[in-house]
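Trainee: Below is one structure. I have some questions about it.
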Amino acid sequence: SRHKPSIRHNLVMLFSRQMEEELNTMEGKQKLKEDALQEVIAALEIEGEPTGVQDILFTSFIVD
C-alpha cells in the first residue's frame, strides 16, 4: 500500500529504541506488540486513512 513506507519508518524507529532485557520477557514482548499497533494506527491517522487495525501479529521474533 502507499502507506507502507510511513508504517515501516514508524516501526523501525520503535524497534530501534528497544532494550534486549525488556524483550526477553513476555511482558516486554506484549508491550512492544501494543506499541507497534499504536505506531501503525498513528501512521494511518497522519495520512488521514481509516484506522481499523485491531491487532499486530509477529510471525518471528529475533533479538540480536
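Trainee: Collect the residues in the stretch 10-24 that are open to solvent by 90 Å² or more (accessible area, probe 1.4 Å) and in a loop (DSSP other than H, G, I, E, B), keeping them in residue-number order.
Mentor: Within the stretch 10-24, Arg17, Met19, Asn24 meet the criteria.
Trainee: May I ask you to say which residue of Gly52, Gly48, Gly28 is out of contact with any strand residue (DSSP E or B) (no Cβ under 9 Å at 6 or more places or on another chain) and on the phi > 0 side of the Ramachandran plot?
Mentor: Numbers: Gly52 fails: on the phi > 0 side of the Ramachandran plot; Gly28 fails: on the phi > 0 side of the Ramachandran plot.
Within the list Gly52, Gly48, Gly28, the selection yields Gly48.
Trainee: Which one is farthest from the chain's Cα centre (by Cα), of the residues in the stretch 1-20 that are at pLDDT 90 or above and of a type in the set (D, E, K, R)?
Mentor: It comes out as Arg17.
Trainee: Also, quick follow-up: Only residues that are touching a residue at least 12 places away in the same chain (Cβ under 8 Å), assigned to a loop (DSSP other than H, G, I, E, B), open to solvent by less than 60 Å² (accessible area, probe 1.4 Å) and closer than 23 Å to Pro5 by Cβ: list them for the stretch 25-64, please.
Mentor: Glu49, Val53, Ile56 - these are the residues of the stretch 25-64 that are touching a residue at least 12 places away in the same chain (Cβ under 8 Å), assigned to a loop (DSSP other than H, G, I, E, B), open to solvent by less than 60 Å² (accessible area, probe 1.4 Å) and closer than 23 Å to Pro5 by Cβ.
The values are calculated or read from the model by the stated rules, or taken from the named source; none is laboratory data. Nothing here was measured: the structure is a model prediction, and the numbers come from that model. Every residue, glycine as well, gets a Cβ built from its backbone with ideal geometry; the counts of neighbours run over all protein chains shown. Accessible surface is based on the protein model in full, side chains and every heavy atom, while ligands, DNA and RNA are left aside. Shrake-Rupley method; radii C 1.70, N 1.55, O 1.52, S 1.80 Å.
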